[in-house]
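Enquirer: Could you have a look at this structure, given as structure tokens, before my questions?
Values quoted throughout were computed directly from the atomic coordinates according to the rules given, and no laboratory measurement underlies them. Computed from a prediction, not measured in an experiment: that's the story for all the values here. Cβ atoms come from the backbone with ideal geometry, glycine included; neighbour counts cover every protein chain shown.
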Amino acid sequence: MIRFTSTSFRYEAEKPWVLDGVDLVIEEGEFVVVVGPTGVGKSTFLKTLNGLVPTFSGGEYAGEVVVGGRSLSSNRPADMADLVGYVGQNPSASFVTERVEDELAYAMENLGLDPVTMRRRVEDALDVMSLHEIREAPLGELSGGQRQRVAIAAVLAAAPKILVLDEPTSALDPGAAEEVLSALTRLVHDVGLTVIVAEHRLERVLPFADQVIVLEHNGVIHVGPPASMMAHSPIAPPLVELGNLLGWEPLAMSVREARRRVGDVKVLLEDCELPTVRPVPEGSALTTSNLTLNYGEQRALKRVTLDFAPGTLYALLGRNGSGKTTLLNVMAGLLRPSHGTALLHGQPPFRMAPSDRIDLVGLVPQDPGDLLYAQEVGEECRTADREHHLEEGSTLEMVQKILGKIELTRHPNDLSEGQRLSLALAVVIAAKPKVLLLDEPTRGLDYCAKLSLIEQLHLLRSEGVCVVVATHDVEFVAQSADQAIVLSQGEVIAQGSAREVICHTPVFAPQVAKVFSPLDWLTVKEVMTALGGKR
Amino acid sequence: MIDDRPHAVAWWLWALGLAVVAVKLSNPVPMVALGTVMFCVGYLRQSPAAWGRSLMLFVKIGAVVILVRLIFQMLFGERIPGHTLFAIPSVALPSWAAGVSIGGPVTAESLITAGIVGLKLALILLAFGAANAIASPRELLRSLPGVFNEIAVAISVGLCFLPELINAVQRVRSARKLRGRPTKGIAGFRGIVVPVLEEALEHSMELALSMGARGFGRTSSTPSRRRSALCGVSAILGVAALILGTYGLLSAGSSIPSPGVLCGVGAVFLSLGVVASGRRSVRTRYRPIPFGWRSMVCVVSGWLGLVGISILQSSSPDATSYAPYPLVWPTVSVAALACVALGLVALAVSPRPALRPSGRSKHMAEATSR
């Protein structure tokens, strides 16, 4: 179906190759997962599949790619539209029309399908992605998860043979991600669709994969079945780490498989003590009582009463649109509650002057780039120093502690996701806020970047900062959080120690907890320490 | 349900008809009536979607237009003699600036004349504001024939750019608040504009990419470039001739020769271009709204009034036009009012718009988007 013949590509001459002499064959009807660290060129690779690279990017290109019998050197992306469907990283940027139904029909209108077929396929796509209820809705009013599903449906409706998805589940809660991925798997099985997915949260996609493509920084590509490829992959989900720890050959790719093979280890673990829950310190950094927030007639938060202690890391979980971001915005003083109060050191945050507020609370929004507006990294750090009356160079020191060496003359937009997040984080914590709020910080981060983020957050926690993270990433929660809060439709439905909350909610349970259920082990590291004591 | 609605094109033609009526009128009585008709229809039939909320905006802009016109008249306007209401201190200008005056006596006549001109502009705005609230301009663009496809897409991308821009401004503003930086004043303005423009540029690149990947600009076979260029040129020439001709027909003392012929030639060129290019474009239309009898009635409702007003204009000029010399009350003509009221017929042939589709509220989406 797809054949690369010694294909090479780089964005500029003299720069390293993103793809270097790649030879690759992908068969029809396979579910392929593209794996690689942040910034290695996964998106670039995906874009070569329908010619978006090099048509839209420019750059140096050699070799040949043939997709479905058509050579990409003689076909424009538009000519491939009936064969390859492409969904980019940011679905809302790809919307051309303004209503869900029209968006679904857009590609087919361009392909010139007759109205009867179009109507039928739009209905099918609405069904597959369960979008029936919002078919008439304006695109601008959809939630992040809904937008993602509309973007996939819009491409599916044109009935391509190949579907290319760049991080399709990064904006979705675990339940919705599962739904989208099973819908795709069904299409792979039923109609022989070829699906190629790049995703950082491998724990979500690996169970579905037939083939794995591993990209390396020198432009080399390896292809193979998941179990053998993951054994040597530089980045691995918890299940693979567990397999490596226990010396499984071949590795287990699904929780079900792992559970069957884990029998004796589980018996061992039954006698081990679970790590102790970190006690919640005295005092309170932030409290909300009966907090209610209405957007017009819609109620985003309902009587939320919470108490956040200093020196603790809280995870805020919940479905897409359950009010997590709203709650963070209220706590950061960007929104004013309709009823009830949020108190930050005894004061409502929305009443404080912005310059006073940042000494008490810092928020890193979903798109950390929003916080950065200098043209260079160095300048960004210097402004932060000046604004917070710090010694010159202290923000930069912080950035280097998180990021390692970094070119000071680079534009923040040219940094990788992880680097940008770290820079925004450094700029926010430069003010030494007592409360740090992070909205969906692990989007686009690979496992290594996530680990260094966790390290950083734990360091802040030990300095007495109250850290609140709204996230869909359960593995991240398992590794980092002390306490967890679950929101649903704006209400708090569960709160308590992270171990208790996430292990007892099937949707939010991390892989290790699922494998060892009903034992409440959360991470591979915990299991390793426990077993180390046994052996 | 959707199919009961008059076509978007019908609504815009209706508005065009009423706008031309506004141009023809200078009697404030039927003018105010016309404004009421436009507002009523726009308000009762406005779409529940985002763009439908724009009617009030147009009303406000209209009010500002009238106000500005009045103020300019008071300050810099031509000094029309008549009943002086009050005087503004005048500034003596050197002789080379003859014809321009600043300040001086303000007469009732001058204010009335200025008010009528302002009202005329406001009515034209309101006509299109109403059409915009009822039928999205995008829907209109989508109905354009294939030869205008590229232009239509360019405009509709531009239209989608505006809400996106507002969204971006809000996000950057709250980000600045998060860093304790000013969001007002010159520093605030600069700090907001630069990132917003950067983002806008990035966004348009992504949009172009997405459109390319989804088959925008495909053609059935590779037609000769010359032929497709010819189609485009013919259509654009046709439109230009039509516009010039219409201008000639509408404005009394224009210097455009034989505007009627020009209109005819324009129409021929336009249809040539449209028909010839229609054969090469592969684009089809999803669930097109048929241009049925309701749409026809809607268009007629907008243009029948114009016919009536034109007849009145020659038979009894006082009914449609008014000048404050001498300063008397304008004529109230039942015939003129009836002509204007014909615009309401569009209400009868269009169903009430459905309630809000089930999406989340606008604010909610703003707070959680991205």
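Enquirer: If all Cα-Cα distances of chain B are sorted into 10 Å bins from 0 onward, what percent lands in each bin, rounded to whole numbers?
Expert: Values per bin, smallest distances first: 5, 16, 24, 25, 19, 9, 2, 0.
Enquirer: Something else now. If one takes the longest principal axis of the Cα atoms in chain A, at what angle in degrees, from 0 to 90 and to the nearest 10, does the Cα axis of helix A:174-191 lie?
Expert: 10
Enquirer: Which value, to two decimals, describes the C-alpha radius of gyration of chain A once divided by 2.2 N^0.38 Å? Working shown, then result.
Expert: Values: Rg = 23.9 Å, N = 535, 2.2 N^0.38 = 23.9 Å.
Here the Cα radius of gyration is 1.00 times the empirical estimate.
Enquirer: Let me ask another. Rank these for me by crowding, A:Lys450, A:Lys302, A:Lys324, going from fewest to most other beta carbons within 10 Å.
Expert: Numbers: A:Lys450 22, A:Lys302 19, A:Lys324 27.
Fewest-to-most ranking of A:Lys450, A:Lys302, A:Lys324: A:Lys302, A:Lys450, A:Lys324.
Enquirer: Determine the shielding of peptide A:89-96 by partner chains: average, over its residues, the number of Cβ atoms on other chains within 10 angstrom of each Cβ. Show your work: numbers first, answer last.
Expert: Details: counts 1, 5, 1, 7, 11, 7, 4, 10.
Mean partner-chain Cβ count within 10 Å for A:89-96: 6.
Enquirer: With respect to the cross-link table entries A:Lys324/A:Lys450; A:Lys302/A:Lys450; A:Lys266/A:Lys525; A:Lys42/A:Lys324, which display a Cα-Cα separation exceeding 26 Å?
Expert: Details: A:Lys324/A:Lys450 20 Å; A:Lys302/A:Lys450 32 Å; A:Lys266/A:Lys525 15 Å; A:Lys42/A:Lys324 30 Å.
Those over the limit are A:Lys302/A:Lys450; A:Lys42/A:Lys324.
Enquirer: While we're on this one: If you count, for every residue in A:104-111, the Cβ atoms of partner chains within 10 Å of its Cβ, what is the mean? Walk me through the intermediate numbers first.
Expert: Details: counts 1, 4, 6, 6, 5, 9, 10, 6.
Average per residue, whole number: 6.
Enquirer: Using only the alpha-carbon atoms, how far is helix A:447-462 inclined from the longest principal axis of chain A? Give it as 0 to 90 degrees, nearest 10.
Expert: 10
Enquirer: Also, I was wondering about something else. For the stretch B:256-268, just list the computed ³J(HN,Hα) in residue order, Karplus coefficients 6.51, -1.76 and 1.60, θ = phi - 60°, integers in Hz, with x standing in for Gly and Pro.
Expert: 7, x, 5, x, x, 4, 4, 4, x, 4, x, 4, 5
Enquirer: What list do you get for A:Trp248, A:Trp521, B:Trp14 if you sort them by fewest beta carbons within 10 Å? Intermediate values should be presented prior to the final figure.
Expert: On the way: A:Trp248 18, A:Trp521 23, B:Trp14 30.
So the residues, fewest neighbours to most, are A:Trp248, A:Trp521, B:Trp14.
Enquirer: Nearest 20 debye, what's the magnitude of the dipole of chain B about its Cα centre given +1 on Lys and Arg Cβ and -1 on Asp and Glu Cβ? Walk me through the intermediate numbers first.
Expert: On the way: 34 positive and 13 negative charges, 322 e Å.
In debye, rounded to 20, chain B gives about 1540.
Enquirer: Show the residues, 5+ positions off or on another chain, whose built amide H is closer than 5 Å to the amide H of A:Ser488.
Expert: Sorted by chain and number, the residues that satisfy this are A:Ile493.
Enquirer: For n ≥ 4 DSSP H runs only, could you compute -39500 (n - 2.57) per run for chain A, divide by its residues and tell me the 222 nm figure to the nearest 500?
Expert: On the way: 21 runs with 194 residues, N = 535.
The per-residue figure over chain A is -10500 deg cm²/dmol.
Enquirer: I've got another one for you. Looking at the stretch A:286-517 only, what percent of DSSP beta bridges run antiparallel? Nearest 5 please.
Expert: Numbers: 19 of 37 bridges.
Bridges in the stretch A:286-517 are about 50 percent antiparallel.
Enquirer: Sequence gap at least 6, Cα distance under 8 Å: using those rules, report the relative contact order of chain A to the nearest whole percent. Write out the running numbers ahead of the final one.
Expert: Working: 1036 pairs, mean separation 77.7, N = 535.
Worked out over chain A, it gives 15 percent.
Enquirer: Given H placed on each backbone N at 1.01 Å, which residues far from A:Val468 in sequence or on other chains put an amide H within less than 5 Å of it?
Expert: Placed amide hydrogens put A:Tyr314, A:Leu436, A:Leu437, A:Leu438 under 5 Å from A:Val468.
Enquirer: Taking B:Lys120 as the anchor, which lysines have their alpha carbon closer than 20 Å to its alpha carbon, excluding any fewer than eight residues away along the same chain?
Expert: B:Lys24, B:Lys60
Enquirer: What order do you get for A:Val492, A:Val197 when you list them from fewest to most C-beta neighbours inside 10 Å?
Expert: Numbers: A:Val492 21, A:Val197 25.
Starting with the residue having the fewest Cβ neighbours, the order is A:Val492, A:Val197.
Enquirer: Against the longest principal axis of chain A, how steep is helix A:394-403, in degrees 0 to 90 to the nearest 10, with axes from Cα atoms?
Expert: 50
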